[in-house]
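Asks: I'd like to ask some things about the structure below.
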Amino acid sequence: MQARNKPVNELMNIGTTVAKRLREIGVHTYDDLKEMGAAGAYMRISANHPEKNMPVCYYLYSLEGALNEQHWGALSKETKQTLLHQINRQN
């Protein structure tokens, strides 16, 4: 299990740019990300940067992988479909 207050830049799958964009939306720690959820964070980042293409593998799947301490590519097909459904339902 992740340390509750572990900074986002120390989470698996989270690089410099993603960490910066997470902080821009008020997500600073693992707990912040867990509270918002991967889909919620992805949608807020996308809304914050409408001029950017936010690839789901670099953002949505990476965020979910960070919450589960696994590489984003190891997420199950079902998990990926659920995440896509969550963001598509909100659009």
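Readers should treat all values here as calculations from the given coordinates under stated rules, not as data from a laboratory. Predicted model only: the values in this text are computed from it and were never measured. Backbone-built Cβ (ideal geometry, glycine too); neighbour counts: all protein chains shown.
Asks: Give me the one-decimal nm value for the distance between modelled label points at Thr17 and Asn88, 7 Å along each residue's Cα-to-Cβ direction.
Replies: 2.5
Asks: Something else now. Quick one: which residues, 5+ away or cross-chain, put their amide H under 5 Å from the amide H of Thr29? H built at 1.01 Å from N.
Replies: Here Val8 satisfy the definition.
Asks: Please give every one of the lysines within straight-line cross-link reach of Lys77, meaning a C-alpha to C-alpha distance under 25 Å, and leave out same-chain neighbours fewer than 8 residues apart.
Replies: Candidates past the 8-residue exclusion: Lys34.
Asks: A further question follows. What is the spin-label model distance, in nm, from Gln70 to His28 if the labels are put 7 Å beyond Cα along the C-beta direction?
Replies: Result for the modelled spin labels: 3.1 nm.
Asks: Among the lysines, which fall within straight-line cross-link reach of Lys52, defined as a Cα-Cα distance under 19 Å, with same-chain neighbours fewer than 8 residues apart omitted?
Replies: Of all the lysines, those that pass the test against Lys52 - Cα under 19 Å, at least 8 places apart if same chain - are Lys20.
Asks: Given the options Ala66, Ala47, Ala38, which has the most mean-square fluctuation in a GNM of the chain, springs set between C-alpha atoms less than 10 angstrom apart?
Replies: The residue with the greatest mean-square fluctuation here is Ala47.
Asks: Where the eigenvalues come from the Cα gyration tensor of the chain, what are the semi-axes √(5λ) of the equivalent ellipsoid, largest first, in whole Å? It would help to have the intermediate numbers written out before the result.
Replies: On the way: eigenvalues 64, 52, 26 Å².
Largest first, the chain gives 18, 16, 11 Å.
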